[in-house]
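Quick notes on the structure that follows.
The values are calculated or read from the model by the stated rules, or taken from the named source; none is laboratory data. Treat the numbers as computed from the prediction; the structure is a model and nothing was measured. Note that each Cβ is placed from the backbone with ideal geometry, even for glycine, and that neighbours are counted across all protein chains shown. Side chains are part of the model used for accessible areas, which takes the heavy atoms of the whole protein and leaves out ligands, DNA and RNA. Shrake-Rupley method; radii C 1.70, N 1.55, O 1.52, S 1.80 Å.
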Amino acid sequence: MTTDRASAREVIALVADEFHELPHDEKDFTRDGPLAWPGYDDSRARAARRTGESESVVCGVGRVEGARAVLIAFEFGFLGGSLGERTGDRLEAAYAYAREHRLPVVPLVATGGSRMQEGMLALTQLQRVARQSALTREAGLAQIAVARDPTTGGGWATLGAGADVVLALPGAQVGFAGSRVRPPDADPAAYTAEAQVMAGSADAVVRPQELRETLGRWLRLLTGVSTDPAPVPEALGTTDLPASGWDAVRRARSPRRPRAARYLDAYFTDRLAISGDRCGGADPAGMLCGFGAHQGRTVAYAAQTGAATRPAGYRTAARLIRLADRLGIPVLTLVDTPGAANDAEAERQGAGAAIAELFGVVATARTPLTTLVIGEGGSGGALALAAPGRTWATPDSYFSVIAPELAAAILKRPEAEVELTADQLRIRPQDLMELGVIRPTRPH
């Protein structure tokens, strides 16, 4: 079978160890549907004979690598996987079942959008689906979508892009505008799974042969509720404290110092990344976000990499913390940046608003946050990711209101006084502990 255009039953078999379809009540239509569209009944009958399905979705409860979830599989062969009133009935019932039984929802999407033969009544099913998704989100249940080929129109704008985690099959057509309605000169590469990941609207492209395992890992991680804070990671670099402020800066900027990837590898036995801010941007070079398994339970992480953090990085971290907060998963943040990106493009992308958003999300999170400063703590661009009252620092880190060089420049001091300025700023870990900015001991 070709997985991008696999039938609903085939894609269910691809990902599920077992599957039990949910019962459904079919709404009675007048002849040719609510608009009396000529030939609509005949089209539905032909689609049913061709696919063996009575509607464009198959909904049920399955086990994916042992994890139970409500699966919603679209049958593209049934009128292009389009959404009509009966589709809405099935989707609403599936989401209600998920909430009643406290199960995550996995839409396996392949749709061209709303069904023309039912007109505005078909389009309003998007509102219906959006409400069910929102209610499920409020109930603290995860939604993991898989964008198959094609995933366009309202199906992408609700079940797909509206999920907590969005996976996509390689080369799948994914976008709001389908191939027959977009401008004739539009670049088709912009409407692909890969492009959606680059634009921050999807998290990862997953090969069909890896889909079951990946979904199983995500389901296990996103159902790992815990009320205990994430333990602080062990320091991986030097263990002796810096002698001076400039020594702290020099250590933190050393290319040999352990960075976020090493800390995450040492901390987690399994981890999966989320990517993108869902606003058109991603910052893979500056911010690593995702969920991982630590000592048998799930911990979410947002980790700066040592590079300047771009607005999309802050918004991705805010998205991560909101999701963890809603699911009841503790969060670990790793601070390591010379500061927020300050170029003109960063300003155009809303640097200030992105940092403000993250400050607010951290301040109001109900789930416990734990922060470790592992390198440079560059001003507000670093502080936005730090948990108030629950921040620790490694011996090869510093935290400063501003970089010593910039502080000296603002004070109109000569370059020779940069090191003195670093001392006066009191940016060493031991200084920060005395000032009450970081915690004095590592909890066990």
* Structure fact -> Residues in the stretch 246-300 that are among the aromatic types (Phe, Trp, Tyr) and over 28 Å from VAL225 (Cβ atoms) total 1
* To do: Return yes when GLY339 is under 30 Å from LEU141 (Cα atoms), small (Gly, Ala, Ser), touching a Ser or Thr at 6+ places or on another chain (Cβ under 9 Å) and in contact (Cβ under 8 Å) with a residue 24 or more places away in the chain and no when it is not.
  => no
* Structure fact -> Over the stretch 322-361, the set of residues among the charged types (D, E, K, R) and closer than 22 Å to VAL373 by Cα is ARG322, ASP325, ASP336, GLU357
* Asked: Taking ALA202, is it under 30 Å from LEU425 (Cβ atoms) and small (Gly, Ala, Ser)?
  -> no
* Residue selected from the stretch 358-399 under the condition at pLDDT 95 or above and of a type in the set (S, T, N, Q), by the criterion surrounded by the fewest Cβ atoms within 10 Å (Cβ to Cβ) -> THR364
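Which one of these is out of contact with any helix residue (DSSP H, G or I) (no Cβ under 7 Å at 6 or more places or on another chain), part of a helix (DSSP H, G or I), open to solvent by less than 50 Å² (accessible area, probe 1.4 Å) and not aromatic (Phe, Trp, Tyr): ARG315, ARG251, ARG262? Don't jump to the end; show me each part of the working.
Values: ARG315 fails: out of contact with any helix residue (DSSP H, G or I) (no Cβ under 7 Å at 6 or more places or on another chain); ARG262 fails: open to solvent by less than 50 Å² (accessible area, probe 1.4 Å).
Answer to the selection: ARG251.
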* Evaluate the stretch 328-336: report whether one residue or more is in contact with a Pro (Cβ under 6 Å, 6 or more places away or on another chain) and either surrounded by fewer than 18 Cβ atoms within 10 Å (Cβ to Cβ) or among the charged types (D, E, K, R) (or both). => no
* Structure fact -> (1) more than 12 Å from the chain's Cα centre (by Cα); (2) open to solvent by 30 Å² or more (accessible area, probe 1.4 Å) all hold for VAL299 apart from (2)
* Structure fact -> Over the stretch 44-84, the set of residues over 26 Å from LEU215 (Cα atoms) and either open to solvent by 30 Å² or more (accessible area, probe 1.4 Å) or basic (Lys, Arg) (or both) is ARG44, ALA45, ARG46, ALA48, ARG49, ARG50, GLY52, SER54, LEU79
* Please indicate, with yes or no, whether at least one residue in the stretch 206-219 is among the hydrophobic types (A, V, I, L, M, F, W, C) and under 23 Å from GLY280 (Cα atoms). => yes
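Take the residues of the stretch 334-357 that are among the small types (Gly, Ala, Ser) and assigned to a loop (DSSP other than H, G, I, E, B): which is farthest from PRO395 (Cα to Cα)?
Residues of the stretch 334-357 among the small types (Gly, Ala, Ser): 339-341, 344, 346, 350-354, 356.
Then keep just the ones that are assigned to a loop (DSSP other than H, G, I, E, B); that gives 339, 341, 350.
On the way: GLY339: 19, ALA341: 25, GLY350: 33 Å.
Only one residue tops the list, namely GLY350.
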* Asked: For the stretch 257-284, how many residues meet the condition of being in contact (Cβ under 8 Å) with a residue 24 or more places away in the chain and under 30 Å from PRO242 (Cα atoms)?
  -> 11
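Please go through the stretch 156-175 and pick out each residue that is within 24 Å of ALA67 (Cβ to Cβ) and either open to solvent by 10 Å² or more (accessible area, probe 1.4 Å) or of a type in the set (Gly, Ala, Ser) (or both).
Step one: of the stretch 156-175, the residues within 24 Å of ALA67 (Cβ to Cβ) are 158-170, 172.
Residues satisfying the conditions are THR158, GLY160, ALA161, GLY162, ALA163, ASP164, ALA168, PRO170, ALA172.
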* **Where GLU18 falls short, out of the listed (1) touching a residue at least 24 places away in the same chain (Cβ under 8 Å); (2) open to solvent by 30 Å² or more (accessible area, probe 1.4 Å); (3) within 26 Å of the chain's Cα centre (by Cα)** => (3)
* Structure fact -> Subset of the stretch 207-237, residues of a type in the set (Val, Ile, Thr) and either open to solvent by 60 Å² or more (accessible area, probe 1.4 Å) or under 18 Å from ASP17 (Cβ atoms) (or both), comes to THR214, THR223, VAL225, THR227
* Is there any pair with a first residue in the stretch 122-138 that is modelled with pLDDT of 95 or more and a second that is surrounded by fewer than 21 Cβ atoms within 10 Å (Cβ to Cβ) and among the basic types (Lys, Arg) whose Cβ atoms are under 7 Å apart and which are 6 or more apart or on different chains, and what are they? -> LEU135/ARG99; THR136/ARG99; ARG137/ARG326
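Looking only at the stretch 304-318, which residues are under 13 Å from the mean Cα position of the chain (by Cα) and either within 16 Å of LEU383 (Cβ to Cβ) or of a type in the set (Gly, Ala, Ser) (or both)?
Matches in the stretch 304-318: ALA312, GLY313, TYR314, ALA317, ALA318.
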* Structure fact -> Within the stretch 341-357, residues being over 21 Å from the mean Cα position of the chain (by Cα) and buried (at least 21 other Cβ atoms within 10 Å of the Cβ) number 1
